[in-house]
Amino acid sequence: MIEAFTTPWGTRLEVHRQLDSTSRRAWQLGEAGADAGCVVVADRQTGGRGRRGRTWHSPAGLNLYFSLLLRPDLALDVVPALALAAGAALCRSLDLYHLKPRIKWPNDVFANERKLAGILAELKPAGQGVDFVVIGIGINVNAGPDSFPLELRGAATSLKIETGREHSRSALLERVLKNLHTMLPQCGSGGLGSGLKDYIEERFFLAGRRVAIVSGKQKVYCRPQGIDTLGRLQVQDDGGCTQFFSAGEAQLLKKEM
Ligand code: BTN
C-alpha cells in the first residue's frame, strides 16, 4: 500500500485501498469546501476515468492513481495551461529515471513513443473564473506488459517496462507532488510563465509530426508548431492557415499524407 505523508500544501494525504475514482472523491471534497492541496490516492480504482469518456484501467498494487484539489485564481481559459503545467511537473519527476519523457498535447506523458501517464483536469466554474479544479493523474509504475488490457498493449508502457525494475510508488508520489507544488504556480493569470513554456516546448512530443486534431466535431489534418501561453496548440493546417486548439485529441498519422 501507499504510505500516508504530509503533502507540500500541508495537508494529510487521503489514502484509500479502493475507490471508484480518486477524481470523483476529490470533486466531492471540493463541493464540501475542502482547502486547496487536498490529495486523494487509491491503490485500486473500480471506475477510473480517462479523458473523452474513456476508462482508466486501474489494477491494485501496481500503479499510481491520485487527484489533487486546487482553487486557483485563474480565468477559465487558463485552465488548459494549468493542465500542461501538471504534465511538465510529471516529466520533471520522471527525469530521474533517465527516460526523457515527453508531453503529448493536451496532457499525456510519453516515453519511447508509448503512453506512460495521463492527466484529467476537471473544473467547476464560478462566473468567468474557477471555483475549483481537480487534477487527476494516473502513472503506470510497476505494470508489466501483461497487466494492460489487450487493446492497450503496444500503446502503453510503465516505468518498470522502461527501466527493467520496480519502483516505490510512495517515493514517486512524493516527488510528483513536490514538483506540482513548485511548478503549478508558474502558471498565473497570464498563463504559462516563460521558463515553464520553454520546458514544455523542449518536451513537445508532437514537434515535426503530422497529426489529425479531433476537437468537437472537427477533424483537422495539420502539423503542430508549438503551444501558446494559454496552453493552446498552434498548428499549420493543410491549407497553410494557422489555427489554435484549446481542447481536443492529437492522433498521430502513421504515413505522411
Ligand atoms: C487520460 O489520459 O485519459 C487521463 C487519465 C487520468 C487517470 C487518472 S487516475 C487518477 C484519477 N482518477 C480518475 O478517475 N482518473 C484520474
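Pairing each residue of region 10-24 that is closer than 15 Å to Leu70 by Cα and outside any strand (DSSP E or B) with any residue that is within 13 Å of the ligand (Cβ to nearest atom) and of a type in the set (S, T, N, Q), provided the two are 6+ apart or on different chains, yields C-beta distances under 8 Å for Thr22/Gln45; Thr22/Ser67; Ser23/Ser67.
Quick grid of which residues meet (1) more than 10 Å from the ligand (Cβ to nearest atom); (2) at pLDDT below 95; (3) of a type in the set (A, V, I, L, M, F, W, C); (4) open to solvent by less than 40 Å² (accessible area, probe 1.4 Å):
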| position | (1), (2), (3), (4) |
| --- | --- |
| Arg54 | no, yes, no, no |
| Asn63 | no, no, no, yes |
| Ala81 | yes, no, yes, yes |
| Arg92 | yes, no, no, no |
| Val141 | yes, no, yes, yes |
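Per the listing Ala34, Ala4, the residue uniquely more than 14 Å from the ligand (Cβ to nearest atom), free of Cβ contacts under 8 Å to residues at least 60 places away in the same chain and open to solvent by 30 Å² or more (accessible area, probe 1.4 Å) is Ala4.
Name every residue in region 39-52 that is under 20 Å from Leu64 (Cα atoms), open to solvent by 30 Å² or more (accessible area, probe 1.4 Å) and either of a type outside the set (Lys, Arg) or near the ligand (Cβ under 8 Å from one of its atoms) (or both), in order of residue number. Residues satisfying the conditions are Thr46, Gly47, Arg49, Arg51.
Looking at region 159-179, can you tell me whether even one residue there is surrounded by fewer than 22 Cβ atoms within 10 Å (Cβ to Cβ), basic (Lys, Arg) and under 18 Å from the mean Cα position of the chain (by Cα)? The answer is yes; a qualifying residue exists.
Filtering Val130, Val109, Val79 for residues that are part of a helix (DSSP H, G or I), in contact with a strand residue (DSSP E or B) (Cβ under 9 Å, 6 or more places away or on another chain) and not charged (D, E, K, R) leaves a single hit, Val79.
The values are calculated or read from the model by the stated rules, or taken from the named source; none is laboratory data. What you are looking at is a predicted structure, and each value in this text was computed from that prediction instead of being measured. Cβ: placed from backbone, ideal geometry, glycine included. Neighbour counts: every protein chain shown. With ligands, DNA and RNA removed, areas are computed over all heavy atoms of the protein, side chains included. Shrake-Rupley method; radii C 1.70, N 1.55, O 1.52, S 1.80 Å.
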